[in-house]
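Have a look at the structure below before the remarks.
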Amino acid sequence: RVRLNTRALAIDPASHTVRVQTESQAPETVPYDKLVIGTGAEPIRPPIPGVDHPGVFLLHSMADSFRVAAYLDTHQPQRALIIGAGYIGLEMADALRHRGLAVTVAEQAPAVLPTIDPDLGGR
C-alpha cells in the first residue's frame, strides 16, 4: 500500500511500527516487515537562462533517466555538467563517466552529499 502526502512522526524498530500522519487525519501507527524511506525530494529548476533547452534535464524519476539515456544515444555528447552533488547527481556522474563522458559536478554547498555528515561529504 502506498501512502502519499504522509509524514513519518516516529519509527520504533523494536516493535516494527511507524507513527504517521497526513494533513487531514489523526496520527496512526502502521506496522511494517521491511521499511523503505522515500524522502519525496523535488528537483529544483534553477532560474537561469537555458534551463529549458534540449540536452538539459532534471532528474527525479525513472522516466527522466530514460530521456537522458535516449539523448545520449542519439546525440553522443562528449562532456556533461551536473548541477547538484547529492546522491542523484553523483550517481549520474558515475554513470556518465562509465559511458565515456568527461563530467564536471557543480554544487552550491561547501561539500558533496550535503545531506550527510560534513566529515564524510568533505573528503
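The values are calculated or read from the model by the stated rules, or taken from the named source; none is laboratory data. Keep in mind that this is a model prediction, so the values were computed, not measured. Glycine also receives a Cβ, built like all others from the backbone with ideal geometry; neighbour counts cover every protein chain displayed. Heavy atoms of the whole protein, side chains included, go into the accessibility calculation; ligands, DNA and RNA do not. Shrake-Rupley method; radii C 1.70, N 1.55, O 1.52, S 1.80 Å.
For D117, the conditions (1) in contact with a strand residue (DSSP E or B) (Cβ under 8 Å, 6 or more places away or on another chain); (2) at pLDDT below 85; (3) not hydrophobic (A, V, I, L, M, F, W, C) are fulfilled apart from (1).
When the residues of the range 91-104 are filtered to those that are of a type outside the set (K, R) and open to solvent by 60 Å² or more (accessible area, probe 1.4 Å), the one that is modelled with the lowest pLDDT is E91. Could you list, in sequence order, the residues of the range 5-62 that are on the phi > 0 side of the Ramachandran plot and open to solvent by less than 100 Å² (accessible area, probe 1.4 Å)? Scanning the range 5-62 gives H16, G40, G50, G55.
Look at the range 46-73: where a residue is without any contact (Cβ under 8 Å) to a residue 40 or more places away in the chain and a partner is among the polar types (S, T, N, Q), sitting 6+ places away or on another chain with Cβ atoms under 9 Å, you get F57/S65; L59/S65.
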